[in-house]
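Structure, as structure tokens:
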Amino acid sequence: MIKYILRRLLVMIPVLLGVVFIIFTINYFSPGDPALIILGSEATQAQIDQLHADLGLDLPFFVQFFNYIKGIVTHLDLGTSYITKTEVRSDILARFPSTFKLAILSTALATLIGIPLGVIAATKQTTLFDYASTFLALIGASMPSFWLGLMLIILFSLNLGLLPASGLATWRHWILPTVAISVVPIANITRTTRSSMLEVIRQDYIRTARSKGLKERKIITKHALANAIIPVITIIGILLAFTMGGLIVLETVFSVPGMGTLMKKAISYKDYPTIQGCVLFIALIMSVMNLLIDILYAFIDPRIKSQYVKRNPKNSSKKIENRGDNDD
């Protein structure tokens, strides 16, 4: 298992380098001049050229890229923001906790609702509950999250006055953005759980468990759900990683000071270091989450864990000899 983890960590290095190269190339060849945005339209050409030199934008492409990678490798330096004049790393670390908490809350809510709905829908297939949950899941999956967020603000903030519309000052501020973000994950988790459970409960070992007289609740929770949970965990991990990366539109709707609003501001002002730093950080989160999901598979399913554990031939031969001695 340790060798597998180390191998996956080594594979992450070229993946992250590829991500940095792609976003760096897009920024370099994208239209628009950051110096002109910073200085304004009234800036002279001499001032623009001087700012290009100060920011290193006058250097060739590969020189800029090499300097950027060198700063990351040697000092974990993601550059300095063109707008705030602070380190990008500091801006990301300041914004990430809000996004992280929101991601954990929304994913936990989606998991607590989605898995039971999917299990009940599978065990009550072709019933009214199954049709209703499937219909609601389809609506939730196709509903724009930003539209839902606006509707929640209009209903609970403007009309009823029950919940605040923006910010994260108190626990009441977290309710609306958490609900708005969790609707699509609830739909995805419900559909995945239902389809996975339907495939499992038709297996022979489930029929055998029922023929032995086991309680239906024990069959569903201990046997069926335990084997059907792996695809669900994959969906949950992907949704959690995606949410941790920041939801630009929803964070803007609720004025959440997170990764999404940081990315939006950086894109608007052509803040290349911040854009590159945020994309690299999101790619790192996605890679780490994929690794954690694979490790979690091994703890849930012993069959997967056995693939990581290599048997020692010497120990195996000793066990055989010991068994032979005991038989004698």
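Results, tabulated for the structure shown:
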item: In the stretch 286-304, residue modelled with the highest pLDDT [restricted to those that are part of a helix (DSSP H, G or I) and not hydrophobic (A, V, I, L, M, F, W, C)]; result: 287
item: Pick from the stretch 157-190, criterion part of a helix (DSSP H, G or I) and farther than 21 Å from residue 107 by Cα, ranking: least open to solvent (accessible area, probe 1.4 Å); result: 157
item: Inter-residue pairs, beta-carbon under 9 Å, first in contact (Cβ under 8 Å) with a residue 24 or more places away in the chain and in the stretch 149-164, second open to solvent by 70 Å² or more (accessible area, probe 1.4 Å) and of a type outside the set (A, V, I, L, M, F, W, C), 6+ apart; result: none
item: Any chance residue 140 is crowded, with 16+ Cβ neighbours inside 10 Å and on the phi > 0 side of the Ramachandran plot; result: no
item: Residue that is surrounded by the most Cβ atoms within 10 Å (Cβ to Cβ), among those in the stretch 43-67 that are within 20 Å of residue 275 (Cα to Cα) and not hydrophobic (A, V, I, L, M, F, W, C); result: 64
item: The stretch 68-87, residues that are outside any loop (DSSP other than H, G, I, E, B), out of contact with any Asp or Glu (no Cβ under 8 Å at 6 or more places or on another chain) and open to solvent by 60 Å² or more (accessible area, probe 1.4 Å); result: 70, 73, 74, 75
item: Condition met for residue 99 (more than 30 Å from residue 272 (Cβ to Cβ) and hydroxyl-bearing (Ser, Thr, Tyr)); result: no
item: Matching entry among 194, 202 (being open to solvent by 40 Å² or more (accessible area, probe 1.4 Å) and modelled with pLDDT under 85); result: 202
item: Residue match in the stretch 104-112 (condition: open to solvent by 60 Å² or more (accessible area, probe 1.4 Å) and of a type outside the set (Val, Ile, Thr)); result: yes
item: Which listed residue is surrounded by fewer than 18 Cβ atoms within 10 Å (Cβ to Cβ), within 32 Å of the chain's Cα centre (by Cα) and either of a type in the set (Gly, Ala, Ser) or more than 18 Å from residue 284 (Cα to Cα) (or both), from 40, 32; result: 32
item: Tally of residues being hydroxyl-bearing (Ser, Thr, Tyr) and within 22 Å of the chain's Cα centre (by Cα) across the stretch 110-157; result: 3
item: Output for the stretch 264-280, where each listed residue is under 20 Å from residue 20 (Cβ atoms) and either touching a residue at least 60 places away in the same chain (Cβ under 8 Å) or in contact with a Gly (Cβ under 6 Å, 6 or more places away or on another chain) (or both); result: 266, 270, 271, 272, 273, 274, 275, 276, 277, 278, 279, 280
item: Criterion (surrounded by 16 or more Cβ atoms within 10 Å (Cβ to Cβ) and within 16 Å of residue 260 (Cβ to Cβ)) met by exactly one of 130, 91; result: 91
item: Of all residues making up the stretch 246-285, the number that are in a loop (DSSP other than H, G, I, E, B), in contact with a helix residue (DSSP H, G or I) (Cβ under 7 Å, 6 or more places away or on another chain), open to solvent by 20 Å² or more (accessible area, probe 1.4 Å) and closer than 18 Å to residue 175 by Cα; result: 2
item: Of the criteria (1) free of Cβ contacts under 8 Å to residues at least 60 places away in the same chain; (2) assigned to a helix (DSSP H, G or I); (3) surrounded by fewer than 15 Cβ atoms within 10 Å (Cβ to Cβ), which one residue 226 fails; result: (1)
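The values are calculated or read from the model by the stated rules, or taken from the named source; none is laboratory data. A quick note: this is a predicted structure, and the numbers were derived from the prediction, not measured. Because the Cβ atoms are built from the backbone with ideal geometry, glycine has one as well, and the counts that use them run over all protein chains shown. Note: areas computed on protein heavy atoms with side chains; ligands, DNA, RNA excluded. Shrake-Rupley method; radii C 1.70, N 1.55, O 1.52, S 1.80 Å.
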